[in-house]
1. In region 1-45, what residues are within 20 Å of Glu72 (Cβ to Cβ), in contact with a Ser or Thr (Cβ under 7 Å, 6 or more places away or on another chain) and either of a type in the set (Asp, Glu) or surrounded by 18 or more Cβ atoms within 10 Å (Cβ to Cβ) (or both)?
2. Can you tell me how many residues within region 90-131 are of a type in the set (Phe, Trp, Tyr) and under 17 Å from Ile50 (Cα atoms)?
3. Return yes when Ser149 is touching a Phe, Trp or Tyr at 6+ places or on another chain (Cβ under 9 Å), farther than 23 Å from Ala211 by Cβ and open to solvent by less than 40 Å² (accessible area, probe 1.4 Å) and no when it is not.
4. Restricting to region 154-204, and then to whatever is of a type in the set (Asp, Glu) and in contact with a strand residue (DSSP E or B) (Cβ under 8 Å, 6 or more places away or on another chain), can you tell me which residue is nearest to Phe48 (Cα to Cα)?
5. What's the number of the condition Asp55 fails, among (1) surrounded by fewer than 23 Cβ atoms within 10 Å (Cβ to Cβ); (2) modelled with pLDDT of 95 or more; (3) of a type outside the set (Ser, Thr, Tyr)?
6. Would you pick out the residues in region 90-113 that are among the polar types (S, T, N, Q) and under 19 Å from Asn23 (Cβ atoms)?
7. Output the number of the condition that Thr187 fails; it satisfies all remaining conditions of (1) touching a residue at least 60 places away in the same chain (Cβ under 8 Å); (2) surrounded by 20 or more Cβ atoms within 10 Å (Cβ to Cβ); (3) under 19 Å from Phe123 (Cα atoms).
8. Looking only at region 25-34, decide whether some residue is in contact with a Leu (Cβ under 9 Å, 6 or more places away or on another chain), free of Cβ contacts under 8 Å to residues at least 60 places away in the same chain, within 28 Å of Asn133 (Cβ to Cβ) and outside any strand (DSSP E or B).
Amino acid sequence: MTMPASFKVALVQMVSTPKVAENLAAAGELVAQAAGQGAKLIALPEYFCIFGMRDGDKVAAREKDGAGPIQEFLSETAKRHGVWLVGGSVPLACADPGKVRNSCLVYDSEGRRVARYDKIHLFGLELGAERFNEASTIEAGAEPCAIDSPFGRIALSVCYDVRFPELYRALAPMDIILVPSAFTATTGRAHWETLLRARAIENLAWVLAPAQGGKHLNGRQTHGHSMVVDPWGKIVAERAAEPGVLVVDIDPMFQATMRRSLPVLSHRVL
């Protein structure tokens, strides 16, 4: 595919609730805002469609692969606005009836699904009063995923994956890294910016990280700070908290210039 000289991308930040229909309506409004500002690639955060009162709520909301209101929303919304749309994560059924796959789905401007990536690395944390164990309700994926698009080669990942640079090295070179997330406030304050900038720098790639950002009905506080980082590691746009959109111009020539100046990918030994 021929990449345009420049193009607009948008990150959608949300504070999702336990109600799928409510979240889809909110996401639809924000995607429309982004498309209205000229964005051609729009990314939603992890759990954009459901942020339950308990971990099992997403299992109850799971869909069969290829069918269901969440997937229909993504396809129809992409086609309606003529954009590539990234559904940060969708709970899809797996062999274990007590678990789901946490799947990042990508739809093209005709509403066709062009990629599915199942989150490989599952978050676990025991820190003071905070306890998280995604493996109790999520079945891990096994296959890294990158796709060719009108915007270049896009590497897919979800949230906790960002802590594992080997995932991206397996997909390099890429032009864009997507990291839809729902970072906790605690880990976000400590590591979010550093991790995103590191992945951009070491791969000389644009990093697009749409996030959940605020106080949810279940009491959890997500970090927010949806962020676009350029291939030199500079933060070019950021939204601290609350729902909204970030629309940013992407210049592929800037990336090409940086890679000529510092050809780190061709210097790899291992």
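The values are calculated or read from the model by the stated rules, or taken from the named source; none is laboratory data. Given the structure is predicted, the values throughout are model-derived calculations rather than measurements. Here the Cβ positions follow ideal geometry from the backbone for every residue, glycine too, while neighbour counts run over all protein chains shown. Just so you know, the surface numbers come from the protein's heavy atoms only, side chains and all, with ligands and any DNA or RNA stripped out. Shrake-Rupley method; radii C 1.70, N 1.55, O 1.52, S 1.80 Å.
1. Across region 1-45, the qualifying residues are Asn23, Val31, Pro45.
2. Residues of region 90-131 that are of a type in the set (Phe, Trp, Tyr), as a first pass: 107, 117, 123.
Those left that are additionally under 17 Å from Ile50 (Cα atoms): none.
Adding up the residues that qualify gives 0.
3. Against the criterion (touching a Phe, Trp or Tyr at 6+ places or on another chain (Cβ under 9 Å), farther than 23 Å from Ala211 by Cβ and open to solvent by less than 40 Å² (accessible area, probe 1.4 Å)), Ser149 does not qualify.
4. Of region 154-204, the ones of a type in the set (Asp, Glu) are 161, 166, 175, 193, 202.
Pick out the ones that are also in contact with a strand residue (DSSP E or B) (Cβ under 8 Å, 6 or more places away or on another chain) and you get 175, 193.
Working: Asp175: 24, Glu193: 21 Å.
Result: Glu193.
5. (2)
6. Kept after step one, since they are among the polar types (S, T, N, Q), are these residues of region 90-113: 102-103, 109.
Once the filter is applied, which keeps residues that are among the polar types (S, T, N, Q) and under 19 Å from Asn23 (Cβ atoms), region 90-113 yields Asn102, Ser103.
7. (2) is the only condition that Thr187 fails.
8. Looking for residues that are in contact with a Leu (Cβ under 9 Å, 6 or more places away or on another chain), free of Cβ contacts under 8 Å to residues at least 60 places away in the same chain, within 28 Å of Asn133 (Cβ to Cβ) and outside any strand (DSSP E or B), one finds at least one in region 25-34, hence yes.
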